[in-house]
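Throughout, read-outs are computed from the coordinates displayed, never taken from laboratory work. Just so you know, these numbers come straight off a predicted model, no measurement behind them. Glycine also receives a Cβ, built like all others from the backbone with ideal geometry; neighbour counts cover every protein chain displayed.
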Amino acid sequence: MLNERKIGIIGLGNVGASIAYTLALSKDFNEIVLVDSNKDKAEGEALDISHGLPFLRPMKIVSGSYDDIMDAKIIIITAGAAQKEGETRLDLVNKNVAIFKSIIPEIKNRDYKGILLIVSNPVDILTYVTLKLSSFPKNRVIGSGTVLDSARLKYKLGEHLNVDSRSIHAFIVGEHGDGEIVLWSQANVSGIPLHKFCELRGFFDHDYETSKIALDVKNSAYEIINKKRATYYGIALSTKRIVDAIINDEKSILPISSYIDDEYGMDDIALSLPSIVGKEGLISHIPIKLSKEEELKLKESYLQLKEIINKLDL
């Protein structure tokens, strides 16, 4: 039987450790189990975070094995090679697919019944790989997708317009990477269409401003990696947001990566679309009206991912 308040994390690099720390600050969990091929690393991270529990709340944070996480409501997978300076997320494909071929059978063979949340990059490819290797229902295999990209977009727009970014409603869809698409046609600030709100704030050169912001968002990870060699805090908070939606059955709309079949002219792929997320994981995708330009860009993103998937030995 699944423990609804238990989380397993596989992979304790910067991203996995940051997610563990971020989830420890939450009041939603009673147990977090850390799994890594380097057992000392997992144990060290568990001890380090546990020593702060007197400032938080009673909780169990331990290192463990695959057997120890089979009753977790969610298993978060962050294992894999990290993106290096000069690399794209898609450059990581072969390295991380090989790693997933060793991880996913361990979970499948133990008849795990919970939700797999993929955070490793390239997240869309690895979400698809996980689904195929596990044969789990598609609602139980999701990726962090463009949740972080969309947050970066809202942050940049908030700075640009000098408003609270939480009042901005905008999505990035498609690939989590260079093929991402900003849905400018749907963006709004508290219900006011974005272009109209920009004009209220004194901005009228919409093409220039939106192009610049979209480029800044797309290059955010590269900028951070160039400056500090890795990104992990933003994705940790993004992962927590997804986990919260599942654990609390929020039915929140988030642009997670999930299996797509016969939608927008796409089939047999995993990429990000606005989706309802609750205790079952993926509940459903949200129909969105795309502009012709957005449709074309989404198809390009799909074809790029599809080309890579077709070369994988699954």
Three-way shape label, the range 147-309, alpha-carbon gyration tensor, a/c 1.5: rounded
Efficiency of FRET from Cβ geometry, E263 and D207, R₀ 35 Å, rounded to 0.05: 0.75
Net +/- balance of residues flanking K60 in space, Cβ distance below 12 Å, scoring K and R +1, D and E -1: +1
Antiparallel DSSP beta bridges within the chain, percent to nearest 5: 50
Expected 222 nm ellipticity per residue - DSSP helices of 4 or more, -39500 (n - 2.57), all of the chain, to 500: -13000 deg cm²/dmol
Nearest 10 degrees, 0 to 90: helix 123-134 Cα axis against the chain principal axis: 40
Length gained when the stretch M1-E280 is fully extended (0.36 nm per residue, less Cα-Cα span): 98.9 nm
Antiparallel DSSP beta bridges within the range 78-207, as percent of all bridges there, nearest 5: 70
Cα-projected label distance for L47 with A98, points at 7 Å along beta-carbon direction, nm: 3.2
Tensor-based shape of the range 1-120 (alpha-carbon gyration tensor, a/c under 1.5 rounded, otherwise prolate or oblate): oblate
Theoretical FRET efficiency, 1/(1+(r/R0)^6), r = Cβ-Cβ of D244 and E159, R0 25 Å, to 0.05: 0.50
Isotropic mean projected area of the C-alpha convex hull, the chain (nm²): 15.9
Cβ-based net charge around R241, under 14 Å, with every Lys or Arg adding one and every Asp or Glu removing one: +1
